[in-house]
Every structure is written in structure tokens, then in C-alpha cells.
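Worksheet for the structure shown next.
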Amino acid sequence: MCVKFTDEEFKERIGQIELDRICRECNIDRIWRDHILPCRVYLRHCVLAFRAFGEDVHASFLDHTYLADRRTTIREHLEQHPDIMKTLPPEHLNERYN
């Protein structure tokens, strides 16, 4: 599930009963997860796509897009894990991601 709300905002919007139902159906205890990381291949694909729009757009993406922890920028994440940019897609997805 992908939503733009925090758990509390989502609960205010749809109510506790509906939130509980959704969580039961999805077998989760909360919606917002701050520990998940982007798929390495997809992140590389996004970085390359933004790079194609020029340095200003590329820098904006790196510096103003955050991981789920809402603190770490994409640039910081890539500095900590530079091998992400060397991560190639599976062969059957080469055409889509390159």
C-alpha cells in the first residue's frame, strides 16, 4: 500500500475502524514504515532518468527527495551506498531500466 499520509493522518481521514480493517487485510500493524529502502535497481533508474534532465534537475532530485525515514536524502543514501549506481537490472528488465 502506498499513501501520502502518516498513520495518524490516515486514521483521521478514514477512521479507526476502517484503518484496522485495512491493516488486518494487509496483515500489517501500521501503514507508515520508516525503515524501508528503495529498490536498488529502481533507484538507479530514477537517478539516471533525472540526470538526463540536466544538472539542476538532477541535483534537486538528489537533495530534495528523502528516504522513508524523512531525514536521509537520496544523495546521502548514495554516498553511503555508492554501489547502488553499479547495480544492474535483471537481464529480463535490461531494456526497461537502461
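The values are calculated or read from the model by the stated rules, or taken from the named source; none is laboratory data. Keep in mind it's a predicted model, so treat the numbers as computed, not measured. Every residue, glycine as well, gets a Cβ built from its backbone with ideal geometry; the counts of neighbours run over all protein chains shown.
Among residues belonging to region 60-72 that are at negative phi and touching a residue at least 24 places away in the same chain (Cβ under 8 Å), point out the one that is surrounded by the most Cβ atoms within 10 Å (Cβ to Cβ).
Applying the filter and picking the extreme gives Leu67.
Could you list, ordered by first residue, the pairs with Cβ atoms under 6 Å in which the first is in region 83-98 and in the same structural domain as Arg44 (by TED's automatic domain parsing) and the second is surrounded by 12 or more Cβ atoms within 10 Å (Cβ to Cβ) and at pLDDT below 75, at least 6 apart or interchain?
Partner pairs satisfying both residue conditions: Pro89/Tyr97.
Test of understanding: among Ile28, Ile17, which residue is in a loop (DSSP other than H, G, I, E, B), of a type in the set (A, V, I, L, M) and either in contact with a Leu (Cβ under 8 Å, 6 or more places away or on another chain) or farther than 20 Å from Thr72 by Cβ (or both)?
Checking each option against the conditions leaves just Ile28.
Looking at region 39-77, which of the residues that are among the small types (Gly, Ala, Ser) and assigned to a loop (DSSP other than H, G, I, E, B) is nearest to Phe5 (Cα to Cα)?
Ala68
If we scan region 41-59, do we find a residue that is among the hydrophobic types (A, V, I, L, M, F, W, C) and exposed (fewer than 12 other Cβ atoms within 10 Å of the Cβ)?
Yes, region 41-59 contains a residue that is among the hydrophobic types (A, V, I, L, M, F, W, C) and exposed (fewer than 12 other Cβ atoms within 10 Å of the Cβ).
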